[in-house]
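Supplied in structure tokens, the structure appears directly below.
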Amino acid sequence: MTAATELRAKQDQGRKAAQNREKWASVRTYVSAAVILVWCLAPAYWMVVTAFRDVGYTYDTSLLPTHVTLDNFITAFDTSFGNRFGQALLNSVFIGVTVTLISLVLGVFAAYALARLNFRFKYLVLGFILGASMFPGVALITPLFQLFTNIGWIGTYQALIIPNISFVLPLTVYTMTSFFREMPWELEEAARVDGCTQGQAFRKVIMPLAAPAIFTTAILAFISSWNEFLIASQLSNDATQPVTVAIANFAGAQPQQIPYTAIMAAGTIVTIPLVILVLVFQRKIVAGLTAGAVK
Amino acid sequence: MKTPKFLLPVATAGVLALTLSACGGGGGGTTAGSDAEQGLDGRGPITYVQGKDNSNVVRPLIEKWNAAHPDEKVTFKEQTDQADQQHDDLVQNFQAKNANYDVVSVDVVWTAEFAAKGWLQPLKDKMALDTSAMLKPTVESASYKGTLYAAPQNSDGGILYYRKDLVPTAPKTWDEMMGMCTIAEENGIGCFAGQYAKYEGLTVNTSEAINSAGGAVLDAEGKPNLNTPEAKEGLENLASAYADGSIPKEAITFQEEQGRQAFQDGKLLFHRNWPYVYNLAVTEGSSKVKDVLGMTALPGKDGPGASTLGGHSAGMSVYSKNKATALDFLKFLTSEETQKFYATQGSLAPVLGALYDDQELVTKLPYLPVLKTSIENAEPRPVTPFYPAVTKAIQENAYSAIKGEKSVDAALSDMQKSIESASAGQ
Amino acid sequence: MATELGPTPVKGPASGGTPIHHGPKGVGEDNAIASQGKWASWLLAPTIVALAIVIVYPIISAIVMSFQKDAGLDPVTGLFTAGGPAGFSNYTNWLFQQCAAPGGGTVACPPGTLGSQFWSATGTTFYFTIVTVTLETVLGFWMAIIMARTFRGRSLVRAAVLVPWAIPTAVTAQLWLFIFAFEGIGNKLFNTTILWTGSEIPARWAVIIADTWKTTPFMALLILAGLQMIPAEVYEAAKVDGATAWQRFRMITLPLVKPALMVAILFRTLDALRMFDLPYILTEGSNNTTTLSILVVNQIRQGFNSAAALSTITFIIIFIVAFIFVRFLGANVVEQQTGAGKGKK
């Protein structure tokens, strides 16, 4: 009894101190969050301000928007001079979604094998996959171009999708493997005892637990494909070009002029949908499924 | 002991590869075979490849051509706006012997490389093109070893912009211009700037300095010729102007746009740039030099300096199957009517000398007379199939010399040796 | 405890030579390996094939080409002719900085040739890698810890963190070039007159700042996912036990996040060692910001075979770094995985 009372007293004391600490902790959290926001958004803010500026005042350095115009956005979508920004946005979304889905499925397969199964040559496989991220990407283009020319793939979607899958797969496989290692696989076994097949157990028990990992990997894959430029600049054509290539196609009205304002408008346009996507997904998937596990 | 065994296969793959047979190869060589095999008489649809069509001149031209040639239609393949990527895209497609790249727009500095790799159809004999009305430097820049390999399409040259309100009479020589730097000092602005960041523009500015002082980067045989008093004087001009502040410190970060920005902001007395600055400097709302913009030829040693030539030519791929159509299209691109359209619609400097005196054009593009002087006195950038190596050698060493990290003598001698080594091959 | 929820730190195989493979409980080990092996090969095949086509084939063809000379100029015709076998000359060009001499033979590469830049490019690449990966890890960890907390506006912060990363690199580079211009907002805001792209230290830091800004979200996100896998109960228990925040970080967070963290650092390192777009657009490699990948691109324009040799050398350098990383720094993603069939002791 005495032990219990003592413990409670100690806990009470602890709680008060903890409340104080928590108050401070929450202040610190908000300050930190504010610093993060400024660091991440200040350069982006400059991008947006420039995007709304009249091209004749490109180099204006007033912090607040001046000479505001929508012209740059109109220019970006204007197709009369051969810009295909709208089409390119769709291409990027299509390529990004395909790459993400395929590499997630392949990555989950591979990671499951690597984390859960015992087999010979595991080291070889892991080394092989990691080795694929070691060669300078810039030197892959020439051989790839010749390979794809020979099989008539230049300018096709698959010529853009397959290299992107290969670029993100090593990271996908390694991330998923490292997370799968951490899974409480006993639950899967428990589910099987309850009559689930192995597949069902995996889908119904493990996948929800792995949601943060899968969601993270999906974002990684999508953004990496969304950002890819080098391969696309050589292997795409007018109809299949992704948005990174379309932006590189932006030209000033004069030969040597760099159309900063239009480029920044394009940057703004391609960033916003991604942020919305993340916000929506985050609420639905991460918040919902891992509410208990998140601290 | 633990060994990261998983890294082994990477190593074995490497070893394995060594035992495979070679599949790569060098450049082209000569194309043999009859006219028919080479497609010299071929007619039919072709593709025209060019970088971003900034001011929408190519599409209307092609529409016009297609209306007149329903059986030999031209398709426009538009590349990116960046020269490096245009170059790499052409190389990839030539290496892959792509027959669909029939007519390609080549930057003047790529002509020699593409010609020497055997990718461009020589424009002689049956494929000859009349160049008599064209400005001579533009023809030279489209030729390699005395043979024309591409049709000069548009030209470009440097112009000296200056502040009419502050400079009483435009300087004709470098020394005269440097003498006027006191005016800049009195007004608290920079005196002169070109483009001195380490990129292609530095090659342009360096060769201009060397050529204007009477030197040359390469001699007539394409051998480097930099250990000369003239070359030294040229580079020394830039280096000492930078050292004494006549060229402001920030100019070491200038590409075309940063220089234009400084000049339009009223922060420079003299500015070397391309003709495109004219339109922007007189129209942009932020420009402070709208009413005081002066233009003259680049200053030289005793008179007008030697501008570096810019611009593009149109070449015909040796892999094209419809070369007869392609030749007609080249003639169409260089016709007076097309050239005039380039100038009026796209502010692209024509290659036909007569157009520079065309009153209607001059009213529209007041820089044309100055540009004509500039182009007539222009020297092509070093014409060499090793251009990518030559331009790197110039940039690397000129940059150090201008910043004062290396003596002008050492920089020139290293430039010389680097170019010699590059042209020696492996 | 018989079953332990949550991850169990598993030691790598002991140095005594303990067998690495552990079969599931109660199943004959050989049988298990055989049947699991079959499963594994089906599950892994698509990944292997995808990598073989797009990565392995180009690597092998590049390696083969690296032993061919680049085309040389025939002085009579002025045309390029195929170079023929090169032996190791493309490699010595880089490693020993031996360039072709005008009269035949080789000389030390003069300043201005790409060959003379190999070692400085290697140094630059490592400098960028060490500085950016360190900064990104520390900042990323900090951001992840903040984002893992529950507070009003958390999803706003999470979305904001992604912004730098969602902007395509081509735009990012132009944006920073714009910010770092002499007359740009950077100098204006801090009232400085730094020539950001004009000399070595500012130029390198311009690249580092831009890269850190862009890529920290990658680290933060991966670490955040790792944090989210840690059950809240573990922290509660530690708090009740009176562990300080620092103790909780060191004893709980760090070990439990380590696998995810190591994967993130490993891949960031591999990527940083191949850094290209940012320095290329920001500085074009001036003032000692030429990385190995920039050198590769410059060389591709002068001759692909020699560039293939340089790529192979880069590949080997990165291989060695990965080796050291895995061997000495405990990035043992791999060996730990093998042991972790189940929540075992």
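Using the structure shown, select from B:K64/B:K340; B:K198/B:K249; B:K392/C:K214; B:K136/B:K340 the pairs with a Cα to Cα distance greater than 21 angstrom.
Violating the 21 Å Cα-Cα cut-off are B:K392/C:K214.
Further question: Could you work out, residue by residue across A:36-49, how many beta carbons of other chains sit within 10 Å of that residue's beta carbon, and then give the average as an integer?
6
For the protein assembly as shown, give me the percentage of DSSP beta bridges that are antiparallel, rounded to the nearest 5 percent.
70
Now, a different point. Any idea what the alpha-carbon Rg over 2.2 N^0.38 Å comes to for region A:74-294?
Rg over 2.2 N^0.38 Å, computed on Cα atoms: 1.21.
In peptide A:104-116, what is the residue-averaged number of other protein chain Cβ atoms found within 10 Å of each Cβ?
Mean partner shielding for this stretch: 5.
Once you average over the residues of B:147-157, how many Cβ atoms of partner chains fall within 10 Å of each Cβ?
Mean inter-chain Cβ contacts per residue within 10 Å come to 0.
For B:V408, what charge total do you get from the other residues with a beta carbon under 13 Å from its beta carbon, if Lys and Arg give +1 and Asp and Glu give -1?
Computed value for this residue: -3.
Less than 12 Å apart at the alpha-carbon level, and either on another chain or at least 8 residues along: which aspartates and glutamates does that give for B:K145?
Straight-line reach from B:K145, under 12 Å: B:E113, B:E221.
Let me check against my output: what whole-number percent is the relative contact order of region A:74-294, with C-alpha pairs under 8 Å and at least 6 apart?
The normalised contact order for region A:74-294 reaches 33 percent.
Which angle from 0 to 90°, rounded to the nearest 10, does the C-alpha axis of helix C:29-51 make with the longest principal axis of chain C?
Once rounded, one gets 40 degrees.
Can you tell me the convex hull volume per residue for region A:3-51, based on C-alpha atoms, in Å³ to the nearest whole number?
With only Cα atoms used, region A:3-51 gives 57 Å³ per residue.
Okay, moving on. Between A:Y30 and A:Q198, take the C-beta separation as r, use R0 = 56 Å, and let me know the FRET efficiency to the nearest 0.05.
Approximately 0.75, to the nearest 0.05.
Please determine, in degrees from 0 to 90 and to the nearest 10, the orientation of helix C:118-148 with respect to the longest principal axis defined by the Cα atoms of chain C, where the helix direction is its Cα long axis.
Computed tilt is about 30 degrees.
Please identify every one of the GluC sites (Glu not before Pro) in region B:325-416 that sits in a loop by DSSP and has no more than 16 other beta carbons within 10 Å of its own beta carbon.
Passing sites in region B:325-416 are B:E405.
Can you pull the one-decimal nm distance between simple spin-label points at C:F126 and B:N56, each 7 Å off the Cα toward Cβ?
5.5
Quote the Stokes-Einstein diffusion coefficient, in whole µm² s⁻¹, for region B:140-252, based on the Kirkwood radius over alpha carbon pairs, a temperature of 25 °C and a viscosity of 0.890 mPa s.
Calculated translational D: 153 µm²/s.
Related question: Which order do the peptides A:63-69, B:365-371, A:185-191 take when ranked by the mean count of other beta-carbon atoms within 10 Å per residue, highest first?
The densest-packed peptide leads the list: B:365-371, A:185-191, A:63-69.
Whole-Å semi-axes of the protein assembly as shown's equivalent ellipsoid, largest first, each the root of 5 times a Cα gyration tensor eigenvalue?
Calculated on Cα positions only, the semi-axes equal 55, 34, 27 Å.
Hey, can you rank C:216-223, C:153-160 by average C-beta count inside 10 Å, highest first?
Ranking the peptides C:216-223, C:153-160 by packing returns C:216-223, C:153-160.
Next question. For B:K77, give me every one of the aspartates and glutamates with a C-alpha distance below 19 angstrom, ignoring sequence neighbours fewer than eight places off in its own chain.
A:D78, A:D238, B:D53, B:E63, B:D88, B:D89, B:D102, B:D107, B:D328
Among A:71-80, C:134-143, how do they line up by average Cβ neighbours within 10 Å per residue, starting with the highest?
C:134-143, A:71-80
Using unit Cβ charges (K, R positive; D, E negative) and no other charged atoms, how large, in debye to the nearest 20, is the dipole of the protein assembly as shown about its Cα centre?
5060
Let me ask another. For n ≥ 4 DSSP H runs only, could you compute -39500 (n - 2.57) per run for chain A, divide by its residues and tell me the 222 nm figure to the nearest 500?
After summing the helix terms and dividing by the residues of chain A, the value is -22000 deg cm²/dmol.
To continue, here is another question. For C:K258, list the aspartates and glutamates whose Cα falls under 18 Å from its own Cα; do not include residues on the same chain fewer than 8 positions away.
In chain and number order, the partners are A:E182, C:E136, C:E335.
Separate question: Using a Förster distance of 51 Å, how high is the FRET efficiency between A:V280 and A:H67, based on the Cβ-Cβ distance and rounded to 0.05?
0.90
Could you compute the FRET efficiency for A:V97 and A:I272, with r as their C-beta to C-beta distance and R0 at 22 Å, rounded to 0.05?
Calculated value: 0.80.
By how many degrees, between 0 and 90 and to the nearest 10, does the Cα long axis of helix A:260-281 differ from the longest principal axis of chain A?
Approximately 30 degrees, to the nearest 10.
No lab work stands behind these numbers, since they all come straight from the coordinates. What you are looking at is a predicted structure, and each value in this text was computed from that prediction instead of being measured. Because the Cβ atoms are built from the backbone with ideal geometry, glycine has one as well, and the counts that use them run over all protein chains shown.
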